[in-house]
Amino acid sequence: MSRTRYLAIAAVAWTGLASAQEAPRPITLDEAVQLAQRNAPSAVQSRGQLRTSDATVRGAYASFLPDVNLNMSRSWEGGTRTIQAGRPVGDESPWSSSAGASMSIQLFDGGSRFYELRRARAQQDAAEANDVDQRFQIALSVKQAYYDGLAARESEAAARTQLEEAQLQMRTATARMAAGAATKSDSLRTVIQIGNAQLALISAQNALRTAEATLTRLVATPFPVTPAEDALGAQTIAVDSASLERLALDGPAIREAAAQWQVARASQRAARSSYFPTISMSYSRGSNGDDLGYGWNDPFRYSSNLRFTASYPLFNRLNREEQRVSADVQEANASAALRDAQFGAQQQLSQFLGALRTAEARIAIQSASVAAAEEDVRVQQQRYAVGASRLLDLLTSQTELNNARAALIQARYDYRIAKAQLEALVGRSL
């Protein structure tokens, strides 16, 4: 079996296997991003972290309120005693009831509660920044899979065009060989060209299905999805380097690092508050008696207790010093992380912006190269048809055209990815 026939059978079999599966449904980029930001595990975790941080802030505010307790109890004790020989007589005891209420509040703790509140609010800011960062990281992953699908679809279209051109060259070479104006070598070279085009088509279709599977997993739909056809339009943005730098230095990763530094500073000050004494106040009021109605029928005698307590640990086996040193180290680490995040944002901005501008220039150059290569192939086909040039010249021009098309597809893909990376860096759409 010839190589061309084998590749043709493989392509038909692959197409038949794909048609047996459920056809993917087109989805726009905005829809894919919204679904992924709702269903992705990292998005669910970031929303849960937001809820947890909100509850922590409420708890920090509630620490300034007193603790209030109510208690009620009822007990009975009884037994038997013998007052006649061998004859027990019951000894009934009355029910005993008690009720009371107590309240306690901490009046002074060295400012620990204020620092804990500050830390909780900083953790809330960090959770909000992390949620924004996660949403844009998810959007970046979706866009990468989406643009993979677009690039694969463009490659598939280019491969089909390449296959049609190779088949046209084969017909021309066969006709010339039948007329005695060409050799068998020309026909065999066109067979190789057709095989290469079929391989390129199969590779593009496989890349498209892989991108569709990745995109389906990200959006978590019960049916396969594929990038919408109308998403192949050109995308251009006006890039201002100074504005992008300001946005990058205020991006979600920087805000999260700054919030974590504030958390560490609050923890550092809270650790120092343990060197101050604590003052608390408590008040309780209670009663007890034999009334089953807890004093409604026969009023109990109540007693009240008001107490002020001050405590200061003189020595606690250096636990305070250990906590203070640990808090100092965490603050230094958080400060270094914030500084590194700022430098990292500048580095990534330079990298992504350079990639964007380079890809934009490549798109313009490769577009012109494709147009020039298409014209060269057209001329070479006409010259070969009339015997004015060799098949090798035509195949060389065709190879240059295929390379120019692939380079243009790659340049478009790189531009889209660089734009998505910039949006993830600054935390907003551009």
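Here the condition is being at pLDDT below 90 and polar (S, T, N, Q); of Gln366, Gln330, Gln398, it holds for Gln398 alone.
Considering (1) in contact with a Pro (Cβ under 7 Å, 6 or more places away or on another chain); (2) surrounded by fewer than 19 Cβ atoms within 10 Å (Cβ to Cβ), the lone condition that Gln106 does not fulfil carries the number (1). Out of all the residues in the stretch 50-62, is one or more assigned to a loop (DSSP other than H, G, I, E, B) and either surrounded by 10 or more Cβ atoms within 10 Å (Cβ to Cβ) or at pLDDT 55 or above (or both)? No, the stretch 50-62 has no match at all.
Let's see how each residue does on (1) of a type in the set (Asp, Glu); (2) modelled with pLDDT of 90 or more; (3) part of a helix (DSSP H, G or I); (4) farther than 30 Å from Ala23 by Cβ:
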residue	(1), (2), (3), (4)
Ser187	no, no, yes, yes
Glu212	yes, yes, yes, no
Leu218	no, yes, yes, no
Ala253	no, yes, yes, yes
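In the stretch 123-134, the residues that are farther than 9 Å from Gln49 by Cβ reach residues that are basic (Lys, Arg) with C-beta atoms within less than 6 angstrom, at least six apart or across chains, in these pairs: Ala129/Arg255. Mind listing just one residue for me: the one in the stretch 135-184 that is modelled with pLDDT of 85 or more and among the acidic types (Asp, Glu) and, of those, farthest from the chain's Cα centre (by Cα)? Of everything passing the filter in the stretch 135-184, Glu164 is farthest from the chain's Cα centre (by Cα).
Taking each residue of the stretch 300-314 that is more than 18 Å from Arg285 (Cα to Cα) and touching a residue at least 24 places away in the same chain (Cβ under 8 Å) and looking for partners that are part of a strand (DSSP E or B) and aliphatic (A, V, I, L, M) with beta-carbon atoms closer than 9 Å, six or more apart or interchain, yields Ala310/Ile279; Ser311/Ile279. Screening Val132 on (1) within 53 Å of the chain's Cα centre (by Cα); (2) surrounded by 19 or more Cβ atoms within 10 Å (Cβ to Cβ) shows it passes everything except condition (2). Taken together, Ala371, Ala388, Ala336, Ala364 contain a single residue that is outside any helix (DSSP H, G or I) and free of Cβ contacts under 8 Å to residues at least 12 places away in the same chain, which is Ala388.
The values are calculated or read from the model by the stated rules, or taken from the named source; none is laboratory data. Small disclaimer: the values here were computed from a predicted structure and weren't measured. We place every Cβ from the backbone using ideal geometry, glycine too, and count neighbours over all the protein chains shown.
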